[in-house]
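The values are calculated or read from the model by the stated rules, or taken from the named source; none is laboratory data. The structure presented is a predicted model; accordingly, all values stated were derived computationally and were not measured. Positions of Cβ are generated from backbone atoms using ideal geometry, with glycine treated the same way; all protein chains shown enter the neighbour counts.
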Amino acid sequence: MSKTYFSASLRRMVCDRANGCCEYCLIPETIALSSHQIDHIIAEKHSGETVESNLALFCSLCNKNKGSDIASIDPETGEVVRLYHPRKDRWADHFQLQTESGTIEPLSAIGRVSVYLLQVNRAECLTQRKLLSKTRSLTIPD
């Protein structure tokens, strides 16, 4: 988790852009047990800048699981693959939401490493996404 200061206007912009939802597991902050966090997609220790294009809204568990990682081992191929980047990648190119189960299914190597490392299909997320899907309250990023 970052210790960087984010101005109120920058915080508001990042939250608004994400529609108040974690940009990885899609859980809205309004139903999360703890506040979502703004953090760097590419960590400062990897030369990531504190600019709009390098910031995302994370739930606390996705942020904890991601840490400063920028890549992981693909569980299918054993290759090192970069993580999903919400400012550069299109969500639908890497993931598909299974509304019946609430599962986020990976569609690419980037999707696989992101689902695996961030553990976006943890039990509480499945239940929440399933309920949100039924009420059509779940926002899928463009």
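Hey, any hits in the stretch 68-84 for a residue that's surrounded by fewer than 18 Cβ atoms within 10 Å (Cβ to Cβ), closer than 13 Å to Y24 by Cα and either in contact with a strand residue (DSSP E or B) (Cβ under 9 Å, 6 or more places away or on another chain) or free of Cβ contacts under 8 Å to residues at least 40 places away in the same chain (or both)?
No.
Which of the strands (runs of 3 or more DSSP E) contained wholly in the stretch 3-106 include at least 2 residues that are under 14 Å from the mean Cα position of the chain (by Cα) and closer than 18 Å to L132 by Cβ?
Numbers: elements: 37-40, 55-58, 71-73, 80-82, 95-98, 103-106.
Where strands (runs of 3 or more DSSP E) fall fully within the stretch 3-106 and carry at least 2 residues being under 14 Å from the mean Cα position of the chain (by Cα) and closer than 18 Å to L132 by Cβ, they are 55-58, 95-98, 103-106.
Somewhere in the stretch 88-98, is a residue at pLDDT below 95, under 27 Å from R11 (Cα atoms) and among the acidic types (D, E)?
no
Go over the candidates L131, L107 one by one and state the one that is surrounded by fewer than 19 Cβ atoms within 10 Å (Cβ to Cβ), at pLDDT below 95 and among the aliphatic types (A, V, I, L, M).
Values: L107 fails: at pLDDT below 95.
Going through L131, L107 in turn, the sole match is L131.
Taking A8, is it in contact (Cβ under 8 Å) with a residue 12 or more places away in the chain, of a type in the set (G, A, S) and farther than 16 Å from C125 by Cβ?
Working: in contact (Cβ under 8 Å) with a residue 12 or more places away in the chain: no; of a type in the set (G, A, S): yes; farther than 16 Å from C125 by Cβ: yes.
No.
So, in the stretch 1-49, how many residues would count as being more than 18 Å from N65 (Cβ to Cβ) and of a type in the set (S, T, Y)?
6
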